[in-house]
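Working notes for the structure below.
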Amino acid sequence: MNFLRYLIRRILFVIPLVLGITVVAFLIANAVPADPINANLPTNALNNEELVEAFREKWGLNKPPIEQYLTYLGNLLQGDMGVSIKTRHPVRDDIAQFLPATIELASVAIVFGIFLGVSLGIISAIWKDTIFDYIARIIALIGVSFPVFLLALVGLTVLYAQWGIVSGPGRLDVIMRDPPHVTGLFTIDALLNRDWDTFKNAFSHLVLPAMTLALYISGIISRITRSSLLEVLSMDYMRTARAKGLKERYVITQHGLRNALIPVVTIIGLSYGNLLVGSILIESIFAYPGIGRYMFRASTSQDFPAIMGVSMLIALIYVGVNFVVDILYYFLDPRIRVG
Amino acid sequence: MSSISSITSSTPESGWDRSASAVFYHLRRNPLVIVGLVIVIMWLFIAVIAPALSPYHPLQQNLADRLQTPNADYLMGTDELGRDMFSRVLWGAQITIPAGLAVIIMGSLIGTLVGAVAGYVGGIGDELLMRFTELFMAFPTIILALAVTAALGPDIKNAILALVIVWWPSYARVVRGLVLEIKSQEYVEAAHSIGAPSSYILFRTILPNCVAPAVILATLDIGNAIIVFASLSFIGLGPDPSSPEWGRMVSIGIDFFDQWWMWLFPGFAIASLVMAFNFIGDGLRDILDPRLRGES
C-alpha cells in the first residue's frame, strides 16, 4: 500500500472520531447538566435577564437539539468554547496561555518515560526470571500502582525539601524573569535568547514533575517492551542470527529490539493520554502554570465551560498523537507497506 | 478427574480455557500473588471491622490536639481539625473499596451486555454499537469522568456513575471479540439447528463462555478503578470534603506539606491496595499471557 493511500485512510478514520468527540462533548455540556445556563454562567449573571437571553441566543438553546449541536459546532470551529467562570477570560485565550507550559512538561516527561520504560523492559526480558527482572518489574509496578500525586509528594519531600538537588514548584525561581516569549516553552525560549541561567533554572524546575510523570507512564511501557521482546527473542531468526556468530549485543539491538519496539510505539501513543491526565494532578501539586492546573482549578470551582474546553482539547490532542503513531507505524512496520 | 475434564473441555488455541485448577496451581506458586492476596484480604477485613478497630470516630474533631505528629495516642497523627488520621485511614477502606468494586461490576456488566449484543447481531447493529463504543474510548479515562462529574455535580454517586460511563467500553470490545469467536463454534450451530430462540442462544449458550474472561479482565482492572476513583476525589469531584476518602485526604494534606503524615498515610493506603491488586493481576496475566499480551 503506498503512503498516500495509507494516509488518506487514516484521515478518513480520524474525521468521524473528531466529530464524535464533539458530539459527546455537546451531550455532556447540554444534556447532562440539569440546567446548562446555570452551569455556564456565573451566579451574578443569572439575575441579568439580558445576559441569560444573549447566552441562550448564542448557543441556540431555544432551538431543537440538532440545531443546537450545529450552533455548538459552528462556535467551536471559530475557536469559541465559552467564557471561563473563574478567570472571566474566553476559554480559548486561557488555553493559549497555559498550553505551552504543559507541552514543555509533557515532552520532557515522555522522553524520560520512554527511556525509563524501554530500559526496564529490556533488562527484564534479557535477564528474565533473575533478580534484575524482579527489580525492574517491581519498579514498573510501583509506577502503575502508586497514585501519581503520592509520587510527586514523596519526590518533593525527599529530592527538593530534604536533599535540595532539584528545584521545587513553579516554572522558574521567583527571582528569575520569564524569557522573551517566542514559543512559550521556557527552555527553548531561553536557548533562543542564549540565556543559559534561565535555561538551567527552567530545566531544573522541569526535572521533578517530569520524572514523576515518567515513572507513572513507564510502568505500562516497560511491561509491553518486556513481553514484546520476550516474544521476539524466542523467534527462529534470533537463533539464526546467533548461529551466524553475530555478537550478542548486535543480535539483541539489531534483530531483537527493532522488531520488539513496534508494539511499544502504539503504547507510547496511548500513554500520552495518561500523561495529560497525570499532568492535571502533577501540575496542581507543583504549582506549575499549565493546562493541567487550569483544569484542576476549573474542576474544584465548578468552572464548567473551562472543564469542557480542556476536556475536548485533551481528547483532540490524544487523537492527534495516536494519528501520528499510526503514521509512524507505516515506516516502522514493513508489513503495512507490503500488505 | 479434574484433569480429564480440563482436557476435554479446553480448546488448545484459546488461552482462556485453562482449567481453574491449573490457574490456581500457578497462582499459588507465585509469591507476589500470595503477597497481593494477603494485603487485599487484610484491607477487606479492615473495611468490614473499621468501626471496631478505630480508636476514634473519623469525623470527631479535637482542636486542642490538631496537627499532632504520630504518637502513642494518635498512631498516624492528627489532621488540621484534630481528627485521628489512623481512624480516618481505616474508615477510608469503607469508601474506596466499595466504590472501586461498584465501578468494575457495573462497568463490566454493561460492557459485556453491549459487546455480546453487538457481536451476536452483527451487521449494521454491530457497526453502530461499536462506533458508539469507540467514541467513549477517544477520551482519556479520567477526562471524560471529570467532565461528567462536573456536569452532574460533585458527589460520590455521581463520581461512580461517571466512572462506569468511561469503564464499560473496554469490556464491550473484549466481549464482542469473544462472542464473534464463539458464535462460529459447532455447539452454537447445534443450538440453532434444534430451533433454540436467539435470546436463549445468546444468554444461555454464548454468554456463559464469556464470563471467565470478563472476570479476569475485571481483576486486572480493580486497581486501576481504585486509583482513578481516588484521583477524582483528589481533584475534589468525589465524596464531600469532610469524608475520610483517601484521595481527598491526600489533597487536603498538600496544604500541610510539612505535616507529612497527613498525606503519606492515606497515600500509602491507596498505593498498598492498588499494588496488591496489581500483584494478583500480574500473576494472572503471566498465566494467561498469550491472549492478554499487548493489552493494558
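The values are calculated or read from the model by the stated rules, or taken from the named source; none is laboratory data. These numbers were taken from a predicted model, which means no experiment stands behind them. All Cβ positions, even for glycine, are placed from backbone atoms using ideal geometry, and neighbour counts span all protein chains on display.
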Original post:
Which of the residues spanning the stretch A:156-173 are more than 20 Å from A:Phe199 (Cβ to Cβ) and either aromatic (Phe, Trp, Tyr) or in contact with a Phe, Trp or Tyr (Cβ under 9 Å, 6 or more places away or on another chain) (or both)?
Top reply: A:Leu156, A:Thr157, A:Ala161, A:Trp163
Original post:
Does the stretch A:8-35 hold any residues that are in a helix (DSSP H, G or I), of a type outside the set (Gly, Ala, Ser), surrounded by 17 or more Cβ atoms within 10 Å (Cβ to Cβ) and facing chain B (nearest Cβ under 9 Å), and which are they?
Top reply: A:Leu17, A:Ile21, A:Val24, A:Ile28
Subject >> Where a residue in the stretch A:38-50 is at pLDDT below 75 and its partner, wherever it lies, is of a type in the set (S, T, N, Q), with Cβ under 8 Å and at least six apart >> reply: A:Ala39/A:Gln302
Subject >> Failed item, numbered, when B:Tyr187 is tested on (1) under 20 Å from B:Ile110 (Cα atoms); (2) over 20 Å from the mean Cα position of the chain (by Cα); (3) of a type outside the set (Val, Ile, Thr) >> reply: (1)
Subject >> Residue among B:Pro154, B:Pro169 that is within 14 Å of chain A (Cβ to nearest Cβ), out of contact with any helix residue (DSSP H, G or I) (no Cβ under 8 Å at 6 or more places or on another chain) and touching a residue at least 12 places away in the same chain (Cβ under 8 Å) >> reply: B:Pro154
Original post:
Which ones in the stretch B:77-98 are surrounded by 17 or more Cβ atoms within 10 Å (Cβ to Cβ) and either modelled with pLDDT of 95 or more or more than 16 Å from B:Trp246 (Cα to Cα) (or both)?
Top reply: B:Gly82
**OP:** Could you identify the single residue in B:Val117, B:Val103, B:Val174, B:Val89 that is β-branched (Val, Ile, Thr), in contact (Cβ under 8 Å) with a residue 40 or more places away in the chain and within 14 Å of chain A (Cβ to nearest Cβ)?
**Re:** B:Val89
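Tally time: how many residues in the stretch B:234-246 are under 14 Å from A:Ser284 (Cα atoms) and not in a loop (DSSP other than H, G, I, E, B)?
Step one: filter the stretch B:234-246 for residues under 14 Å from A:Ser284 (Cα atoms), giving B:234-236.
Add one more test, that the residue is not in a loop (DSSP other than H, G, I, E, B), and what stays is B:234-235.
Within the stretch B:234-246, residues that are under 14 Å from A:Ser284 (Cα atoms) and not in a loop (DSSP other than H, G, I, E, B) number 2.
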**OP:** Tell me, please, whether a residue that is over 30 Å from A:Asp173 (Cβ atoms) and among the acidic types (Asp, Glu) can be found in the stretch A:292-310.
**Re:** no
Subject >> Hits in the stretch B:222-248 - residues which are within 11 Å of chain A (Cβ to nearest Cβ) and more than 20 Å from B:Phe277 (Cβ to Cβ) >> reply: B:Ile235, B:Gly236, B:Leu237, B:Pro241
Subject >> Of all residues making up the stretch B:250-288, the number that are more than 11 Å from every other protein chain (Cβ to nearest Cβ) and in a helix (DSSP H, G or I) >> reply: 6
Original post:
Of (1) under 30 Å from B:Trp263 (Cβ atoms); (2) within 14 Å of another protein chain (Cβ to nearest Cβ), B:Thr219 satisfies all except one. Which?
Top reply: (2)
Subject >> Selection count where residues are more than 17 Å from the chain's Cα centre (by Cα) and either outside any helix (DSSP H, G or I) or among the polar types (S, T, N, Q) (or both), scope the stretch A:100-132 >> reply: 6
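Would you check if A:Ile66 is surrounded by fewer than 17 Cβ atoms within 10 Å (Cβ to Cβ), of a type outside the set (Ser, Thr, Tyr), assigned to a helix (DSSP H, G or I) and within 14 Å of chain B (Cβ to nearest Cβ)? Before you say what the answer is, go through the steps one by one.
Values: surrounded by fewer than 17 Cβ atoms within 10 Å (Cβ to Cβ): yes; of a type outside the set (Ser, Thr, Tyr): yes; assigned to a helix (DSSP H, G or I): yes; within 14 Å of chain B (Cβ to nearest Cβ): no.
It is false that A:Ile66 is surrounded by fewer than 17 Cβ atoms within 10 Å (Cβ to Cβ), of a type outside the set (Ser, Thr, Tyr), assigned to a helix (DSSP H, G or I) and within 14 Å of chain B (Cβ to nearest Cβ).
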**OP:** Could you check the stretch A:133-249 for helices (runs of 4 or more DSSP H) lying wholly inside it with 3 or more residues that are within 25 Å of the chain's Cα centre (by Cα), within 14 Å of chain B (Cβ to nearest Cβ) and over 30 Å from A:Phe98 (Cβ atoms)?
**Re:** A:196-233
